[in-house]
Amino acid sequence: MSETKVPPRDLNRFVAEIPYARFLGITVDQKGNEITTVMAFDHKLIGNPMLPALHGGVIGAFLEMTAIIQLAFETGSAAIPKPIGLTIDYLRSGRPLDTYARAQITKQGRRVATVHAEAWQDDRSKPIAAAHGHFLLKTSEEPAS
């Protein structure tokens, strides 16, 4: 039985169904097949008020969510991929500004996908963090859990 993969029609609705993504204020800016996630600045995201700088966990979670959104879009699955392993490289302090990210699937098998994501603020050529992760994909034969 062949199943046609249809990406989620409304990625913002898909994101709104994930509680932590709602808490972080993540939205999706989609232009054709290009997806950019946006994390609007909010004072609750500050980890170091002396600088001030975004919390590292917030940046890491934002990159993880960006990878998940890209996987959901490209695989056409409504099931949320499960992270197997995720490495975050913190490159600069995240300032109290809106933050943007994009992800690229570097390898996709039937069960596991490898994704690279980068986050930046006002200059895309100066990322504040990058992530490299592996995600477990749901197959059409697996029951939802």
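Condition first: open to solvent by less than 70 Å² (accessible area, probe 1.4 Å), more than 16 Å from the chain's Cα centre (by Cα) and within 27 Å of I84 (Cα to Cα). Now tell me which residues in the range 109-127 satisfy that. If the condition is that a residue be open to solvent by less than 70 Å² (accessible area, probe 1.4 Å), more than 16 Å from the chain's Cα centre (by Cα) and within 27 Å of I84 (Cα to Cα), then G109, V112 are the ones that fit. Counting the residues of the range 73-86 that are over 13 Å from the mean Cα position of the chain (by Cα) and under 18 Å from A129 (Cα atoms) gives 1. When the range 49-58 is filtered for residues that are closer than 13 Å to R95 by Cβ and either of a type in the set (G, A, S) or open to solvent by less than 60 Å² (accessible area, probe 1.4 Å) (or both), the ones remaining, listed by number, are P52, A53, L54, V58.
Exactly one residue out of I46, I26 is in contact with a Pro (Cβ under 6 Å, 6 or more places away or on another chain) and either open to solvent by 60 Å² or more (accessible area, probe 1.4 Å) or closer than 22 Å to R92 by Cβ (or both), and it is I46. Filtering the range 61-114 to residues that are touching a strand residue (DSSP E or B) at 6+ places or on another chain (Cβ under 8 Å) and of a type in the set (S, T, N, Q) leaves T66, Q70, T75, T87, S93, T99, Q104, T106, Q108, T114. Taken together, the criteria exclude A129 from residues that are within 23 Å of E17 (Cα to Cα) and of a type outside the set (V, I, T).
The values are calculated or read from the model by the stated rules, or taken from the named source; none is laboratory data. These numbers come from a predicted model, not from an experiment. No Cβ is skipped: glycine too gets one built from the backbone with ideal geometry, and neighbour counts run over all protein chains shown. Accessible surface areas use protein heavy atoms only, side chains included; no ligands, DNA or RNA. Shrake-Rupley method; radii C 1.70, N 1.55, O 1.52, S 1.80 Å.
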